[in-house]
Amino acid sequence: MLLEALRADAGLAEWLKSLEGEGPPGVEAVLPDGDELADVLLDLTVAHEHINELVALRARLVADPEAMTLLARCVARFVRDMGEVGRGWEPPAFPESAGALGRCFHVYVFVAVLPHVRAYHRERGIPEDVSRRTLADLGRHVAVHCRRAGTPGLLFPWWIALHFHGELFQLGRLQFQRARLGRRTGRAVADAGLDLGPGDPCLSLHITDFRGPLTPAACDRSLALARDFFARHFPDERYGVAVCHSWLLDPQLKRYLPAESNIVRFQDRFALVHQDGTPDDGVPVGFVFGDPDLPLETLPRRNSVERAVVDHLRAGGHWYGGHGWFAL
């Protein structure tokens, strides 16, 4: 049973204890039946080849009373503080010992949360197409899991949680997360003369895969959409700056990529505040090749970005996360 596998993990046992300590779930967790579930998953862009397995696993889930209670607790925790920046919940990934139901459990949590986040979107007047494209990122993350592991699931359920908590929106090529300026970036913004500083609202930019090239025109369109979207639907929050925390802001990329490349032109939008002191070579390998644990000697060099990542690592170099900002 699912709960037995979770209780055997010390960290997850504490997580379960914490959830149980919050008392009975305050909301009902409703899963669509098999036929309707298939339609819902397709609306969330889950690939057709995964639908049968997810519908079949639903039957196992609803037959397990403890697992259904856990589902209800997770939904209740999501609904609490819906839309409040920084008050969302970060559900943990489950271990391999939890089996197929464990790797897919959070998919069902997000399906059960769907009516609540859609209601929040309606309250804010968020257009249906924006809501649909934002929540459809669930299917993309299932595809990311499949690319790495060969099965449906979610590698980082805590990340997709931002979408289902009303904190992140897909607007064109880029995703925009309602966030707050950190200490160093906030100080840099204030030093530049803007009337903003640490703790003030900002939009954190995220670049998704499976969305085509990161062209300047696509970024310009996304930023124009974002300026209008947040002024219209979150008028009580003033977003004067955009930030990005990504290996794509590592200045070393300019050694390998031409000035007119999409990545370099994206970098040039930002004032770099600082870089991480510790390298994390697995991040670019994971984003570019699909799996951070792939052996370096097996990585292909089919395009300029792949050659940049591979050649730098084979020369003994490392990649670092960069942190930058620009005024909106």
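The values are calculated or read from the model by the stated rules, or taken from the named source; none is laboratory data. Owing to the predicted nature of the structure, the values given are computational and were not obtained by experimental measurement. As a convention, Cβ positions derive from the backbone with ideal geometry for all residues, glycine included, and neighbour counts pool all protein chains shown.
If only residues of the stretch 72-98 that are in a helix (DSSP H, G or I) and of a type in the set (Val, Ile, Thr) are counted, the one that is surrounded by the most Cβ atoms within 10 Å (Cβ to Cβ) is Val75. Listed by position, the strands (runs of 3 or more DSSP E) contained in the stretch 163-232 that have at least 2 residues being over 14 Å from the mean Cα position of the chain (by Cα) and not assigned by TED's automatic domain parsing to the domain that holds Arg132 are 201-207.
Go over the candidates Ala271, Ala242 one by one and state the one that is outside the structural domain of Val144 (by TED's automatic domain parsing), surrounded by fewer than 17 Cβ atoms within 10 Å (Cβ to Cβ) and at pLDDT 95 or above.
Details: Ala242 fails: surrounded by fewer than 17 Cβ atoms within 10 Å (Cβ to Cβ).
Exactly one residue qualifies, and that residue is Ala271.
Any residue that is assigned by TED's automatic domain parsing to the domain that holds Ile51, among the hydrophobic types (A, V, I, L, M, F, W, C), surrounded by 16 or more Cβ atoms within 10 Å (Cβ to Cβ) and more than 17 Å from Val75 (Cβ to Cβ) - is there at least one of those in the stretch 101-119? Checking the stretch 101-119: not a single residue is assigned by TED's automatic domain parsing to the domain that holds Ile51, among the hydrophobic types (A, V, I, L, M, F, W, C), surrounded by 16 or more Cβ atoms within 10 Å (Cβ to Cβ) and more than 17 Å from Val75 (Cβ to Cβ).
Residue count for the stretch 220-239, restricted to those that are surrounded by 16 or more Cβ atoms within 10 Å (Cβ to Cβ), closer than 20 Å to Val189 by Cβ and either in contact with a Lys or Arg (Cβ under 6 Å, 6 or more places away or on another chain) or hydrophobic (A, V, I, L, M, F, W, C) (or both): 4. Each residue in the stretch 123-146 was checked for being over 22 Å from Ala56 (Cβ atoms), in contact (Cβ under 8 Å) with a residue 24 or more places away in the chain and of a type outside the set (Val, Ile, Thr), and 8 pass.
Condition first: among the charged types (D, E, K, R) and either surrounded by 15 or more Cβ atoms within 10 Å (Cβ to Cβ) or modelled with pLDDT under 95 (or both). Now tell me which residues in the stretch 307-328 satisfy that.
The answer is Arg307, and nothing else.
Taken residue by residue, the stretch 238-247 has no member that is in contact with a Gly (Cβ under 9 Å, 6 or more places away or on another chain) and either among the charged types (D, E, K, R) or more than 21 Å from Arg173 (Cβ to Cβ) (or both). With the condition kept exactly as written, say whether any residue in the stretch 36-56 is among the small types (Gly, Ala, Ser), in contact (Cβ under 8 Å) with a residue 60 or more places away in the chain and surrounded by fewer than 18 Cβ atoms within 10 Å (Cβ to Cβ). Scanning the stretch 36-56, I find at least one residue that is among the small types (Gly, Ala, Ser), in contact (Cβ under 8 Å) with a residue 60 or more places away in the chain and surrounded by fewer than 18 Cβ atoms within 10 Å (Cβ to Cβ), so the answer is yes.
Condition first: part of a helix (DSSP H, G or I), without any contact (Cβ under 8 Å) to a residue 60 or more places away in the chain and closer than 23 Å to Leu168 by Cα. Can you find one or more residues in the stretch 9-25 that meet it? No, because not a single residue in the stretch 9-25 is part of a helix (DSSP H, G or I), without any contact (Cβ under 8 Å) to a residue 60 or more places away in the chain and closer than 23 Å to Leu168 by Cα.
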